[in-house]
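Asker: One structure, pasted below without further comment.
No value in this document is a laboratory result; all are computed from the given coordinates. Nothing here was measured: the structure is a model prediction, and the numbers come from that model. Virtual Cβ from ideal backbone geometry, glycine too; neighbours counted across all protein chains shown.
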Amino acid sequence: MKIKETKIKGLFLIQPKVFGDSRGYFMESWNKKTFADAGLDIDFDQDNQSLSKSGVLRGLHFQRPPHEQGKLVRVIKGAVLDVALDIRKGSETYGEHYSVVLNEEEKNMLWIPPGFAHGFLTLQDETIFAYKCSGLYAPEAESAIAWNDPDLNIDWGIENPELSEKDKKGLAFNDFKSPFS
């Protein structure tokens, strides 16, 4: 497994070793020791999975402390444009984002630590997106930043994605007061 830090400190792109033959493939999607050896000592509390048609945008979501969550995200089937936004007010990269295509062919993953808002746009029908969370879902702590905020300059490659009612009401980044140091 290759674990490589991105341009934003604390955010890691992960490429598992995939062993394939005529029967299919096998891969390890999580290994506590391998991650700890890379400096990522993570305890996961919850696994989530979603199925979406093409053009669905979910995000940019986060949970406020003390219910913050880190997420190890990956695509089981299909493809997404995955975006992590640094909302750690003490960070040199506060307000910057990282985007990457995650797909079933490459089987790549992204570790998004607490202190980031996260979202993804599905690029194919029947996309299955999975993520392991450090921290349990707490609806009273959830929040969202507007996916299309012009100050963030995120190129989603789409003008009118399908959104939930919650995601239509995301906060403007300039009005956002980060609870993360």
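Asker: If you go through the range 29-60 one residue at a time, how many are closer than 25 Å to residue 121 by Cα and of a type outside the set (A, V, I, L, M)?
Answerer: 15
Asker: For the range 113-125: of the residues being in a loop (DSSP other than H, G, I, E, B) and either more than 10 Å from the chain's Cα centre (by Cα) or without any contact (Cβ under 8 Å) to a residue 60 or more places away in the chain (or both), which is surrounded by the most Cβ atoms within 10 Å (Cβ to Cβ)?
Answerer: Within the range 113-125, the match that is surrounded by the most Cβ atoms within 10 Å (Cβ to Cβ) is 115.
Asker: If residue 50 satisfies all but one of (1) assigned to a strand (DSSP E or B); (2) without any contact (Cβ under 8 Å) to a residue 12 or more places away in the chain, what's the number of the condition it fails?
Answerer: Status for residue 50: all satisfied but (2).
Asker: Taking the range 51-79 as the region of interest, how many residues are closer than 11 Å to residue 130 by Cβ and within 13 Å of the chain's Cα centre (by Cα)?
Answerer: 5
Asker: Same structure again: Which one of these is of a type outside the set (S, T, N, Q) and touching a His at 6+ places or on another chain (Cβ under 8 Å): 82, 43?
Answerer: 82 is the lone residue from the list that is of a type outside the set (S, T, N, Q) and touching a His at 6+ places or on another chain (Cβ under 8 Å).
Asker: Got a number for residues in the range 98-112 being surrounded by 21 or more Cβ atoms within 10 Å (Cβ to Cβ) and more than 16 Å from residue 76 (Cα to Cα)?
Answerer: 1
Asker: What tally of residues in the range 88-102 results from selecting those that are farther than 20 Å from residue 157 by Cα and part of a strand (DSSP E or B)?
Answerer: Total meeting the criteria: 1.
Asker: Filter the range 144-181 for residues that are in contact with a Lys or Arg (Cβ under 6 Å, 6 or more places away or on another chain) and hydroxyl-bearing (Ser, Thr, Tyr) and give the result.
Answerer: Listed by number, the list holds a single entry, 178.
Asker: Here are some residues: 140, 126, 105, 159. Which one is of a type in the set (Asp, Glu) and on the phi > 0 side of the Ramachandran plot?
Answerer: 126
Asker: Looking at the range 126-176, which of the residues that are farther than 21 Å from residue 81 by Cβ and of a type in the set (D, E, K, R) is surrounded by the most Cβ atoms within 10 Å (Cβ to Cβ)?
Answerer: Within the range 126-176, the match that is surrounded by the most Cβ atoms within 10 Å (Cβ to Cβ) is 142.
Asker: Further question on the same structure: Being farther than 13 Å from residue 8 by Cα and either part of a strand (DSSP E or B) or in contact with a Cys (Cβ under 8 Å, 6 or more places away or on another chain) (or both) narrows it down to one of 85, 152, 136, 81, so name that one.
Answerer: 81
Asker: Next up: If you check every pair at least six apart or on different chains, which have Cβ atoms under 6 Å apart with a residue in the range 133-161 that is closer than 20 Å to residue 50 by Cβ first and a residue that is in a loop (DSSP other than H, G, I, E, B) and of a type in the set (A, V, I, L, M) second?
Answerer: Listed by first residue and then by second, the contacts come to 134/42.
Asker: I'm checking my understanding of the structure. Among residues of the range 16-47 that are of a type in the set (Gly, Ala, Ser) and part of a strand (DSSP E or B), which one is surrounded by the most Cβ atoms within 10 Å (Cβ to Cβ)?
Answerer: The qualifying residue surrounded by the most Cβ atoms within 10 Å (Cβ to Cβ) is 20.
Asker: Related question: Can residue 59 be described as in contact (Cβ under 8 Å) with a residue 24 or more places away in the chain, in a strand (DSSP E or B) and closer than 16 Å to residue 12 by Cα?
Answerer: Against the criterion (in contact (Cβ under 8 Å) with a residue 24 or more places away in the chain, in a strand (DSSP E or B) and closer than 16 Å to residue 12 by Cα), residue 59 does not qualify.
Asker: With respect to residue 71, determine if the residue is in a strand (DSSP E or B) and either farther than 24 Å from residue 2 by Cα or not hydroxyl-bearing (Ser, Thr, Tyr) (or both).
Answerer: Numbers: in a strand (DSSP E or B): yes; either farther than 24 Å from residue 2 by Cα or not hydroxyl-bearing (Ser, Thr, Tyr) (or both): yes.
Judged against the criteria, residue 71 is a match.
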